[in-house]
Amino acid sequence: MHADGAAAASGRQPVRATLALLAVVLSALVGGNAFGLRERAFGSESPQAHPVAVSRAAGGAAAATRTLLKSQPWWQAVGTYDGAASTTTGAFSVDGAAINWRVRWTCQQGHLEVLVPGKRVVSAACPGTGTAYASRSGRQQLAVTASGSWHLQVDQQIDVPLVEKPLPGMSAATEIAHGALYRIDQTGSGQVLIYRLPDGRFALRLEDFFVTANSDLDVQLTRLPRPRSTEQIKPAPRVHVGPLDITAGSLNMILPAGVDPATYRSVVIWCDRLASAYAGAALTQG
Amino acid sequence: MTTGLLDAPAHLPQITIGARTIPVQLPNPRDPRLKLSAVVVTIHVLGQTLLDWKVSIAQIAVSMVFCAAVECGLSFRSSGVLAWPASGLLTGSSIALILRASGTRHGDWWSLHGIEFFLLAGAVSLLSKHLLRPGGRHRFNPSNIGIVWCLLVVGPNHVFAQYLWWGPSRIGVSLAYVVICVGALWVLRAVRMVSMAAAFLLPFAAVIGAYALLGSSFVAIWHVGPVSGLEYWADIALSPEVLVFVFFMISDPQTAPKTARGRVAYGAATALIAAALIPFQATEFGIKVALLASLTVACALVPLLDRTVVRPGLQRARLHVRPVVLAMAVIAVAAPLDTALLAHNAQIVLIEKGQSGARTAQ
């Protein structure tokens, strides 16, 4: 059957074969991502590394560290502005990679109106409080029209990892426990370090860590030696250390007063909304 | 996978549509492709029920129907016979057996997420079969070249091959091994490919064992930390995915040498090509592409194997440099070269670590 068909089509074979050759050559070039062809056709698979954030407030020292990792989007403080009359705030800069930015406002009396260039984002009776959002990046100024005192807090939403410096007093000499993050229900990697600070408080540091991004994650201590599953962790007594609003980088957290880390044997990254243990770390004392 | 056509019977039944009488070729119960189809469908059932595979029933069905329809149309156009598209169905189900669209979750039974990639792989498979025919026969295993093309050209952001590790279900994996091994005996004996399979598995297992001893490792989204040592050897050499590849893909009699000696050489050559491509790869994605690309290269080398191993004494025919021969040469060079380039792709490492992309662990 095929031999007959091949014979019948023999006249067209050179043309078909030439087209096939061209398709094969093109496929070879795209498959090797020559000239970035695969990325152009099917999207970037190796994005440019971007600088990490170094502080929860914008405008910190420029970071030499660059990364491909992304965090759960988080809000970085850009600036605060106060006044008691109409004015134009000082200029501030919204990062070009910011997802969007917001103005959290409060006012005491009269009426408050806030404009960004070309857009009125707040128009409200006072006293009052609220949040307005904008998306244009770059240099910005807020034009405020008010007849009483007001307060504005500007934040930008970004998704780069935050790499905080260790707190003063965090050193090998003050380290009292450590462990490595491992996957439970989701990806988890990096180091967990616990320190006794000179002022007597305990602090936990997540070093070079990554946890699958989600909102509503928090860091907890448990007495389980090496928890392996959500089912194992769910009924176990746990103590809340702090929210994990940033899911990549290096972060510091102060343990709540009265919590003695020596009585706990593991750390869990817990998602309360899903009742799921994302990652865990068995703690080794000393 | 194995997609050879049997000779058409002398007297075919006919159907009449309007004024036109069309001969119809129905499925042949002795066709070994029916055995292979039965095995593949059984594995698909296990994948959907016990193995939590990230492929939907809709993806499988559309892939099969598309390939069957294209095969049927091309076959009718060339021969005037309305033939049961056994090869097309098998190509479609084989693509769905191995190819995965990133972001598809197990249990989304009717999801058509990423269906375009299955269709692209199917189209490339069948076009290669009908366009690249030096000497009047196709040289590349259709589903293999379609999957390799999709993995290399579309890339790791959107597609991947079924994991080497088939999941935590001991019952499911044990049943899969039983189906694969029993199915292998059933199918390979019928097409006289048992020695070819052994010629692949023995050197492949030995070389992968040597790599494990030398400290090779790879990262995979289903594993915490790098896979190394005994795990490296077992997860590659004993993977059910590798057994499926050897027993049901390499064993296509249409694209393999015709003699027993040639088939042994072909199995060993495929193993050695795979073993040569694998050590560059630090990710499971790269290892799977290396494995699959080894067959693409081996298929392109079958005419040379036929000349040098099977009939070394025969007078060499003059090599005619025609477009189709050039196309085969380009494929034979580009498949391993593009596979080797995956070793330098940092994004694949992030994907395999679960730190980027839409894939999730088993």
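A few remarks follow.
- Selection status of B:ARG170, touching a residue at least 24 places away in the same chain (Cβ under 8 Å), surrounded by fewer than 23 Cβ atoms within 10 Å (Cβ to Cβ), out of contact with any helix residue (DSSP H, G or I) (no Cβ under 6 Å at 6 or more places or on another chain) and not aromatic (Phe, Trp, Tyr): no
- B:PHE118 vs. criteria within 14 Å of chain A (Cβ to nearest Cβ), closer than 30 Å to B:LEU238 by Cβ and touching a residue at least 12 places away in the same chain (Cβ under 8 Å): no
- Residue among A:ALA279, A:ALA262, A:ALA257 that alone is of a type in the set (Gly, Ala, Ser) and either assigned to a loop (DSSP other than H, G, I, E, B) or at positive phi (or both): A:ALA257
- So B:TYR163, is it among the aromatic types (Phe, Trp, Tyr), in a loop (DSSP other than H, G, I, E, B), touching a residue at least 24 places away in the same chain (Cβ under 8 Å) and closer than 24 Å to B:TRP233 by Cα: yes
Here is a yes/no grid of residues against (1) away from every other protein chain (no Cβ under 12 Å); (2) in a helix (DSSP H, G or I):
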| site | (1), (2) |
| --- | --- |
| B:HIS113 | yes, no |
| B:GLY135 | no, yes |
| B:ILE147 | yes, yes |
| B:ARG189 | yes, yes |
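- The single condition among (1) within 14 Å of chain A (Cβ to nearest Cβ); (2) over 17 Å from the mean Cα position of the chain (by Cα); (3) of a type outside the set (D, E, K, R); (4) assigned to a helix (DSSP H, G or I) that B:ASN157 does not satisfy is (4).
- Matching residues, segment B:42-57, being more than 21 Å from B:VAL159 (Cα to Cα) and either of a type in the set (Ser, Thr, Tyr) or surrounded by 16 or more Cβ atoms within 10 Å (Cβ to Cβ) (or both): B:THR42, B:LEU46, B:THR49, B:LEU50
- Selection count, segment B:181-196, where residues are crowded, with 21+ Cβ neighbours inside 10 Å and among the aliphatic types (A, V, I, L, M): 4
- Selection count, segment A:208-267, where residues are touching a Lys or Arg at 6+ places or on another chain (Cβ under 8 Å) and more than 14 Å from every other protein chain (Cβ to nearest Cβ): 21
- Single unsatisfied condition, A:ASP208 versus (1) of a type outside the set (S, T, N, Q); (2) buried (at least 23 other Cβ atoms within 10 Å of the Cβ); (3) part of a strand (DSSP E or B): (2)
- Taken over segment B:202-244, the residue count meeting the criterion of being more than 24 Å from B:ILE98 (Cα to Cα), in contact (Cβ under 8 Å) with a residue 24 or more places away in the chain and in contact with a strand residue (DSSP E or B) (Cβ under 8 Å, 6 or more places away or on another chain) is 1.
- Residue among A:ALA98, A:ALA85 that alone is buried (at least 16 other Cβ atoms within 10 Å of the Cβ) and of a type in the set (Gly, Ala, Ser): A:ALA98
- Scope segment A:128-162; condition surrounded by fewer than 14 Cβ atoms within 10 Å (Cβ to Cβ) and hydroxyl-bearing (Ser, Thr, Tyr); matching residues: A:THR129, A:THR131, A:TYR133, A:SER135
- Pick from segment A:177-205, criterion hydrophobic (A, V, I, L, M, F, W, C) and part of a strand (DSSP E or B), ranking: nearest to B:VAL224 (Cα to Cα): A:ALA180
- Scope segment B:40-86; condition within 13 Å of another protein chain (Cβ to nearest Cβ) and of a type in the set (Asp, Glu); matching residues: B:GLU71
- Residues being assigned to a strand (DSSP E or B), more than 30 Å from A:ILE254 (Cβ to Cβ) and touching a residue at least 60 places away in the same chain (Cβ under 8 Å) are represented in segment A:137-148 by at least one member.
- Residue within segment B:199-217 that is part of a strand (DSSP E or B) and surrounded by fewer than 21 Cβ atoms within 10 Å (Cβ to Cβ) present: yes
- Enumeration of residues in segment A:214-228 that are surrounded by fewer than 20 Cβ atoms within 10 Å (Cβ to Cβ) and not in a strand (DSSP E or B): A:ASN214, A:SER215, A:ASP216, A:ARG223, A:LEU224, A:PRO225, A:ARG226, A:ARG228
- Any hit, segment A:241-264, residues being within 22 Å of A:PRO161 (Cβ to Cβ), modelled with pLDDT of 95 or more, among the aliphatic types (A, V, I, L, M) and surrounded by fewer than 21 Cβ atoms within 10 Å (Cβ to Cβ): yes
The values are calculated or read from the model by the stated rules, or taken from the named source; none is laboratory data. A quick note: this is a predicted structure, and the numbers were derived from the prediction, not measured. Because the Cβ atoms are built from the backbone with ideal geometry, glycine has one as well, and the counts that use them run over all protein chains shown.
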